[in-house]
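Asks: Provided herewith is a single structure, encoded as structure tokens, for subsequent inquiry.
Read the figures in this text as sums done on the coordinates, not as results from a lab. Given the structure is predicted, the values throughout are model-derived calculations rather than measurements. For neighbour counting, all protein chains shown are included, and Cβ atoms are generated from backbone atoms with ideal geometry for every residue, glycine included.
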Amino acid sequence: MPLCEIRTISNQEMCRLRAFHAQGVALKYSWRSWSGVRRHDGVIVFAIAQADVETNDSGFRSLVWSHGAEARFGRQSGQERLAHCRLAVCRGNAEGILLPDRAQVVSYDTIGLRVEKIDEQYWALWGSVTQSRRPPRRATWFDASRLAS
């Protein structure tokens with residue numbers, strides 16, 4: 001058994017790793033993880049390939065987990081991503097990093113996502129879809145509009 005393994009990584013893998021690192025995301029499986037938890041605020045961050053993004057009049061969406069996820073992400077990374085999907089649904093928000101199809105410059109900015117379970121799949125939604133489904137804002141004791149009435 002070798003003491004160490006030399007691994008060649010693709011440009012897309014390197015872009016993904018750099019983007020997660022720039023966001024301060026802790027990855028459980030550094031070479032295989034496609035989602036993680038940002039250290040300073042605990043937000044779930046998903047890497048989303050631009051080729052997987054679907055668009056329509058309601059905004060954008062991307063499949064982030066389904067039963068076939070193990071084939072794409074590997075068994076351990078697929079289970080990790082499923083756990084992150086469940087957490088994102090419970091919390092009501094997450095963030096995403098869009099990865100280019102080819103080795104291009106990656107923007108390390110994130111987009112706000114809402115993860116929803118539809119049938120047995122988890123979808124990341126953003127754009128006008130998330131705006132229309134956002135829960136109403138609760139008034140608090142310091143809410144200026146409430147104080148005016």
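Asks: Compute the length gained on full extension between K28 and T55: take 0.36 nm times their separation in residues and subtract their Cα-Cα distance, giving the result in nm to one decimal.
Replies: Values: separation 27, 0.36 × 27 = 9.72 nm, distance 3.05 nm.
Difference between extended and current length: 6.7 nm.
Asks: Kindly put I44, I111, I118 in sequence by how many other C-beta atoms sit within 10 Å of each C-beta, fewest to most. Present the calculation step by step, with values, prior to reporting the outcome.
Replies: On the way: I44 25, I111 17, I118 11.
In increasing order of surrounding Cβ atoms, one gets I118, I111, I44.
Asks: Counting Lys and Arg as +1 and Asp and Glu as -1, what is the net charge of the other residues whose Cβ lies under 10 Å from the Cβ of L27?
Replies: +2
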